[in-house]
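Shown next, in structure tokens, is the structure this report addresses.
The values are calculated or read from the model by the stated rules, or taken from the named source; none is laboratory data. Predicted model only: the values in this text are computed from it and were never measured. As a convention, Cβ positions derive from the backbone with ideal geometry for all residues, glycine included, and neighbour counts pool all protein chains shown.
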Amino acid sequence: MVGTTTCSAPGVRPAACRAVQPTVRAIRCAWAAPLRWFQQQQQRGTAAATRAQRQAVCAAVAAAGGAPSGGLQALIFDCDGVIVESEDIHRMAYNATFAHFDVRCPNAPGAPVVWSEEYYDDLQNRVGGGKPKMRHYFGLNGWPTSSVLGGRAPANEAEQTQLIDVLQDWKTEKYKDIIGSGEVSARPGVVRLMSEAQAAGVPVAVCSAATKSAVEFVLGSLLGQERFTGLDLFMAGDDVKEKKPDPTIYKVAAQRLGVDPAACLVVEDSTIGLAAALGAGMRCLVTYTNSTRSQDFAGADAVVASLEGVSFADLAGGQHVGKDDRVAAATANQ
């Protein structure tokens, strides 16, 4: 192993040391990348082994006619709104994108598009996924002019797709910049709940409608790389053709995990995610945000303001079923 070279050896003159040091630094630099790669492979290998052990336990118990931890075979998290309260971060990233590319719709050509908090709250609860959101908006307000196409609007479907792709890619990088600032953290209770589930031998997955590169960055930043690579499954909007509320992403997740959808519990934050989970035949716990608080979560096992007071033992034992923190809060305020 290459260590730190000092000049304390007898007979070594300072000038000689100065001559040697650049070579030592070069050796250290040359070894740095391979060493990081090796450490990452070790982490991935450990994570893969742990995943295999959990999946083997689940398969064995399921084959025996049961399921670990009170019938739960998998705990699946959405990302945006569940792991991180990210709605306004996404909105700011979209607005920065519209300004950067001078995106102007025919109904308001005097300035770039700006999505207000109220509008974005409504939009995100109607349409899942970033590209579908922009297509929906431009379909209602007219396809915009932008610097992407030299100051003109798209002339055909191919140019519409080109515009959407460029805007979404730039928005994703802007979103990652904000997340990477260090000023954003995971919602309370999320990391602990993941740890409790995996300690009980239950696989943990994340299934998000967002762009894969953005979700990978968020999970790596907020959960840490070791925990992220230790997930039993990770899927993003790029992995399926249809976005939530279509249930495909959750159906595919159950297949890849090798578990019964009816024995999966999904943690979501909106009616769009709830519909996707229920459509896949899974149960769903809703942890709402400020923008989704007033939604109708009919069909959810429970509706909670935060995961901070929710334990995996509660979920496995069914103690959470029927709980709605909004009702409790309204009663307390009467």
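Taken over region 291-334, the criterion of being farther than 17 Å from Leu193 by Cα and assigned to a helix (DSSP H, G or I) is satisfied by Asp325, Arg326, Val327, Ala328, Ala329, Ala330, Thr331, Ala332. Looking at region 150-159, is at least one residue touching a helix residue (DSSP H, G or I) at 6+ places or on another chain (Cβ under 9 Å), crowded, with 16+ Cβ neighbours inside 10 Å and farther than 22 Å from Phe228 by Cβ? Scanning region 150-159, I find at least one residue that is touching a helix residue (DSSP H, G or I) at 6+ places or on another chain (Cβ under 9 Å), crowded, with 16+ Cβ neighbours inside 10 Å and farther than 22 Å from Phe228 by Cβ, so the answer is yes.
Matching residues to (1) within 21 Å of the chain's Cα centre (by Cα); (2) in contact (Cβ under 8 Å) with a residue 24 or more places away in the chain:
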residue	(1), (2)
Asp239	yes, yes
Ile249	yes, yes
Gln255	yes, no
Gly258	no, yes
Leu274	yes, yes
Ala298	no, no
Phe312	yes, yes
Asn333	no, no
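Using the structure shown, decide if Ser69 is modelled with pLDDT under 95 and surrounded by 13 or more Cβ atoms within 10 Å (Cβ to Cβ). Criteria met by Ser69. Filtering region 107-134 to residues that are farther than 26 Å from Ser294 by Cα and touching a residue at least 24 places away in the same chain (Cβ under 8 Å) leaves Asn107, Ala108, Pro109, Val113.
State all residues of region 250-290 that are among the aliphatic types (A, V, I, L, M) and part of a helix (DSSP H, G or I); if no residue qualifies, say none. Of everything in region 250-290, those that are among the aliphatic types (A, V, I, L, M) and part of a helix (DSSP H, G or I) turn out to be Val252, Ala253, Ala254, Leu257, Ala262, Ala263, Ile272, Leu274, Ala275, Ala276, Ala277, Leu278. Residues of region 213-249 that are over 17 Å from Ala276 (Cα atoms) and either among the polar types (S, T, N, Q) or in a loop (DSSP other than H, G, I, E, B) (or both): Ser213, Ser221, Gly224, Gln225, Thr229, Gly230, Leu231, Asp232. Taken over region 290-323, residues that are more than 23 Å from Gly279 (Cα to Cα), surrounded by fewer than 19 Cβ atoms within 10 Å (Cβ to Cβ) and aliphatic (A, V, I, L, M) amount to 2.
Conditions tested, residue by residue: (1) touching a residue at least 40 places away in the same chain (Cβ under 8 Å); (2) of a type outside the set (S, T, N, Q); (3) under 13 Å from Val82 (Cα atoms); (4) not assigned by the TED database to the domain that holds Glu308.
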| site | (1), (2), (3), (4) |
| --- | --- |
| Glu196 | yes, yes, no, no |
| Phe217 | yes, yes, no, no |
| Gly220 | no, yes, no, no |
| Gln225 | yes, no, no, no |
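Taken over region 262-300, residues that are of a type in the set (S, T, N, Q) and touching a helix residue (DSSP H, G or I) at 6+ places or on another chain (Cβ under 6 Å) amount to 2. Among residues belonging to region 309-324 that are charged (D, E, K, R) and either in contact with an Asp or Glu (Cβ under 7 Å, 6 or more places away or on another chain) or modelled with pLDDT under 95 (or both), point out the one that is nearest to Tyr120 (Cα to Cα). Checking each candidate, the answer is Lys323.
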